[in-house]
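What follows is a single structure, written as structure tokens, with notes after it.
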Amino acid sequence: MHRRCVLPFFLAGLLGLLSGCGETPTGRSQLALVPGPLMADMGADAFDQLRNTQPISRDAQANRLVQCVAEKIVAGAEASYPGLDFPERWEVVLFDEPSPNAFALPGGRIGVHSGLLQVAETPAQLAAVMGHEVAHVLADHGNERLTQQLGIKAVLLVVGLLGEGEFGNQQLMQALGVGAQLGISLPFSRTHEEEADLMGVEIMARAGFDPQQSVALWQNMAAAGSSQPPEFLSTHPAHESRIRVLQEALEEANATYRTVTPAQC
Ligand SMILES: [Zn+2]
């Protein structure tokens, strides 16, 4: 092996020790090699790009609803997973975009499409989607996927290129699970979806939203039957199997919900 090849592998091992080999909040072992602050910077950049290029909703009532639900979901997430690092501040934007979708990015950015409000019939149904999306961030799924996609050597390259703007934005957007409107979205894996579901129902319950409403939301989604499924439906074959996986988590979430004050949004 040439000497110049040894160094990256050594550094990769070092990086892995520093930040990569850990467990998700549900206890699944995970390889996520990109440093957290870098993920947060990239999430913020991707969000700024969307905000500067996509129309933003001026519907005051809808904006109030989305801000209210997001605020409670963030508080619910912090109460559910007190040991995790949380962004100091979360930013929430309602995009004027007809597809029923939502996303959350590292660094505390949450985007909701106005089309989601046509499918989510109650604040609790909106909370179900937001809880799921925030769970993707808390479980570091974007980092795990970026690590898988790029490989260890490329992660090192990305770290090295920080600030030079040469890293492909498309690949980043894919890894973060956004950009459906640009036709570049790649679904999170089934494992990530199930984990986000399990964490999401607990978060929404802790936030004061009836977790049973998550089932109603997925049924509405299935009935709406969009040709391009939104992020949180993309890798689930059927809502029946999703509900089956969730039964146990729903029982726990129901117990949590009975101990908190119901949310008003
Ligand atoms: Zn998802």
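The values are calculated or read from the model by the stated rules, or taken from the named source; none is laboratory data. Quick caveat, the model's predicted, so the values are computed rather than measured. All Cβ positions, even for glycine, are placed from backbone atoms using ideal geometry, and neighbour counts span all protein chains on display. Side chains included, ligands, DNA and RNA excluded: accessible areas come from the protein's heavy atoms. Shrake-Rupley method; radii C 1.70, N 1.55, O 1.52, S 1.80 Å.
Structure data summary
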{"read-out": "Label-to-label distance, nm, for residues given as residue 23 and residue 264 (7 Å Cα→Cβ offset)", "value": "4.0 nm"}
{"read-out": "Computed E for residue 212/residue 148 - FRET, C-beta separation, R0 41 angstrom, nearest 0.05", "value": "0.75"}
{"read-out": "Distance (nanometres) between label positions extended 7 Å along Cα→Cβ at residue 31 and residue 96", "value": "4.6 nm"}
{"read-out": "Gain in span if fully extended, residue 223 to residue 67, counting 0.36 nm per residue against the direct Cα distance", "value": "53.5 nm"}
{"read-out": "Full-stretch length increase - residue 53, residue 251 - with 0.36 nm per residue and alpha-carbon distance subtracted", "value": "67.1 nm"}
{"read-out": "3J(HN,Hα) from dihedral phi, the range 119-130, Karplus parametrisation 6.51/-1.76/1.60, rounded to Hz, x for glycine, proline", "value": "9, 7, 7, 9, x, 5, 5, 5, 5, 4, 5, 5"}
{"read-out": "Segment residue 244-residue 79, extension gain: residue separation times 0.36 nm, minus the distance between their alpha carbons", "value": "56.8 nm"}
{"read-out": "Per residue accessible area of the range 37-105, 1.4 Å probe, in Å²", "value": "52 Å²"}
